[in-house]
1. Going residue by residue through the range B:94-106, is there one that turns out to be at positive phi and away from DNA strand D (no atom under 16 Å from the Cβ)?
2. Within the range A:119-131, track down each residue that is out of contact with any Ser or Thr (no Cβ under 6 Å at 6 or more places or on another chain) and either within 22 Å of A:Phe302 (Cα to Cα) or at pLDDT 90 or above (or both).
3. Regarding the range A:81-88, can at least one residue be identified that is in a strand (DSSP E or B), β-branched (Val, Ile, Thr) and more than 16 Å from DNA strand C (Cβ to nearest atom)?
4. Would you pick out the residues in the range A:57-73 that are more than 16 Å from DNA strand D (Cβ to nearest atom) and charged (D, E, K, R)?
5. Restricting to the range B:257-301, and then to whatever is in contact with a helix residue (DSSP H, G or I) (Cβ under 6 Å, 6 or more places away or on another chain) and assigned to a loop (DSSP other than H, G, I, E, B), can you tell me which residue is nearest to the other protein chains (Cβ to nearest Cβ)?
6. Output the residues belonging to the range B:4-38 that are within 43 Å of the chain's Cα centre (by Cα) and away from DNA strand C (no atom under 11 Å from the Cβ).
7. Would you mind listing the helices (runs of 4 or more DSSP H) fully within the range B:1-50 where at least 1 residues are at negative phi and near DNA strand D (Cβ under 7 Å from one of its atoms)?
8. Report whether or not B:Asp222 is out of contact with any Gly (no Cβ under 9 Å at 6 or more places or on another chain) and assigned to a loop (DSSP other than H, G, I, E, B).
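The values are calculated or read from the model by the stated rules, or taken from the named source; none is laboratory data. All values derive from a computational prediction rather than experimental measurement. Note that each Cβ is placed from the backbone with ideal geometry, even for glycine, and that neighbours are counted across all protein chains shown.
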Protein chains: 2
Amino acid sequence: MKVNQKYIADLLKISRVTVTKALQDHPDIAISTVKKVKALADELGYIPNIVGRSLSTKKTNTIGVVVPKINHSFFSTIIEEMYTKAQALGYQIILMVSFENEESELANVKSLLSMNVDGIIIDSVSTSAKDKSYELILKHQKPLIYIDRKPRSIKKVESIVFDDYNLSYKLTNLLIDRGYKDIMYITGSQEVNICYDRLIGFKTAMSDARLDVPTDWILNADLDKENSYKVFQKYLENNSKLPEAIVCVNDFVALGVYEACEKNQIKIPDDISIVGFGHLNISNLVQPPLSTVKLDLQKASFVAVEKLIAMINDQPYEKNNIIGGEIIFRESVK
Amino acid sequence: MKVNQKYIADLLKISRVTVTKALQDHPDIAISTVKKVKALADELGYIPNIVGRSLSTKKTNTIGVVVPKINHSFFSTIIEEMYTKAQALGYQIILMVSFENEESELANVKSLLSMNVDGIIIDSVSTSAKDKSYELILKHQKPLIYIDRKPRSIKKVESIVFDDYNLSYKLTNLLIDRGYKDIMYITGSQEVNICYDRLIGFKTAMSDARLDVPTDWILNADLDKENSYKVFQKYLENNSKLPEAIVCVNDFVALGVYEACEKNQIKIPDDISIVGFGHLNISNLVQPPLSTVKLDLQKASFVAVEKLIAMINDQPYEKNNIIGGEIIFRESVK
DNA sequence: CTGTTAGCGCATTCAC
DNA sequence: GTGAATGCGCTAACAG
């Protein structure tokens, strides 16, 4: 038999409403009644049905989170941090995975809206100018925050992004300081904000130092190891000149370069220096340890959840946060 | 204004029920009406409210998943695979994290029950004989499957576990074949099935080969790198005799041993050989690459989701699956 | 083919 | 202090 409020009420021969109120410690109800109700509820293992409650209160106390992948150290870290913070603040996270696919992201957003989450956090895969997910959420007037990646075309939306431009600029500058001149860059789609900002940071640093970057030394690798391997491998097949250093848009891309170097017997850092971005947990386990930029993932995740909940509850919040990081040089650079 | 079925019905001046049926392609309704309704729904960006539907149908089309952690390659892999399979079968996953804490697991289960998920999959943290999560789910008659780790005390429950005993036996045997005799084992709590089974596999292989294992050569390390480091470090401080090889209950534990070896300038595999279990993605990135056992995580995850959904829908399913694996020797063993 | 009625579990409002 | 009435959005059973 299902244990719900009616069940308890019938057993106690009181009204269902009294049960509701008693369970909420409503001042209306006599303490003795409250005690009786709670005791029985405990005994029966009563668990409130949130579905019913949500329908009535128009709140679900859940927040939807859409990420491109789970099984990557970067994402699994921010996911876990968001879970931690949400749990502490009394919210449940409904996690969806877009698998780096725009249509899937849209479907996820639809699911979240139909599940009536109170707000949404997206690490976007969008590369197109018009973003349907965004339009839809806007239409439904749900609080929304982009974390990490957001479609570049959307301006008027809350976001929590990393200080990509400045970190990339600084990183490049540190390389230049060490005497590097012929530096290659491997990036992803320019529609994704992180790729754009990091590349601009790189380019600006180079031009500020009056160093030239040939157009064909900016390769496009779609943000993952496999593509990066292919792209750099192809470069090696078609060109004889090796850059002195390669700046990669993230650590996965750097690992792809590692692989290509190993296949072609190019020694890191003797023949070439490599730097990544993002500080994957494996970045200091590979040989040689990878120089990279450590982003404050916990802070970004915490801020995202805190801010979204503030938005949900019409509380004040800081606008458009930029999260810093720290440059870490290891043996992949001479 | 909120777009719901009533809103559409009013606009079209028909009954709400007609709208419901039209949206479901119910044969009752005239095609012309169906078209009109769907067109308007599309135009308005109507998204059904699943909360309402669930309350009415008593089904949520969601399955609850509880895992100890997210930010570990093993867990993030099975999570992602479960998402993949669930999505393909039209179910949503509600993911909860117990953070290796039994009380938290129980709270998660309560949340899932109150969200009225159709079934639950748990990678358990329970170490105690009486498992409250289990009792609760049983009481609520929800389909339940344990994956990977389950409380050893519970017998009559569906589970999907890895072939720990046999793989551990085989692994140990392969070491013995290579001439190793003084072998240490580092394990976790014996209440967790994987620890128990793997240790028994090890012990049996050793005794079958008439090799002795001193009791103080079976260390307890709680399944993670930090504890493993501490435990083995402590051993090194208090003992002079080094084992020829160490079998670790999982790769994290093996990495803790790596760390202790490095701190104490013990060379792997020259001074000591190490094997892990689980095939973390980093296992072949560390130096030297770690010998380990690769478990078929995708299969386990797929089977878990498929089976749970079969249970939910009262369809037949195979009982208590055991998922195999493959032993991979790398440079961490001579 | 369409609509009426009823109910899912809970919470709020208001009257007793 | 207690409870009756109402509605949240949707669906199922039945009637017209």
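1. First, pick out the residues of the range B:94-106 that are at positive phi: B:99-100.
Subset that is away from DNA strand D (no atom under 16 Å from the Cβ): B:99-100.
Yes, the range B:94-106 has at least one match.
2. Restricting attention to the range A:119-131, the residues satisfying the condition of being out of contact with any Ser or Thr (no Cβ under 6 Å at 6 or more places or on another chain) are A:119-124, A:126, A:128, A:130-131.
A:Gly119, A:Ile120, A:Ile121, A:Ile122, A:Asp123, A:Ser124, listed by residue number.
3. Just the residues of the range A:81-88 that are in a strand (DSSP E or B), to begin with: none.
No, because not a single residue in the range A:81-88 is in a strand (DSSP E or B), β-branched (Val, Ile, Thr) and more than 16 Å from DNA strand C (Cβ to nearest atom).
4. Across the range A:57-73, the qualifying residue is only A:Lys69.
5. The qualifying residue nearest to the other protein chains (Cβ to nearest Cβ) is B:Leu285.
6. B:Asn4, B:Leu23, B:Gln24, B:Asp25, B:Lys38 - these are the residues of the range B:4-38 that are within 43 Å of the chain's Cα centre (by Cα) and away from DNA strand C (no atom under 11 Å from the Cβ).
7. Details: elements: B:5-12, B:16-23, B:31-44.
Qualifying helices (runs of 4 or more DSSP H): B:5-12, B:16-23.
8. Details: out of contact with any Gly (no Cβ under 9 Å at 6 or more places or on another chain): no; assigned to a loop (DSSP other than H, G, I, E, B): yes.
So B:Asp222 fails the test.
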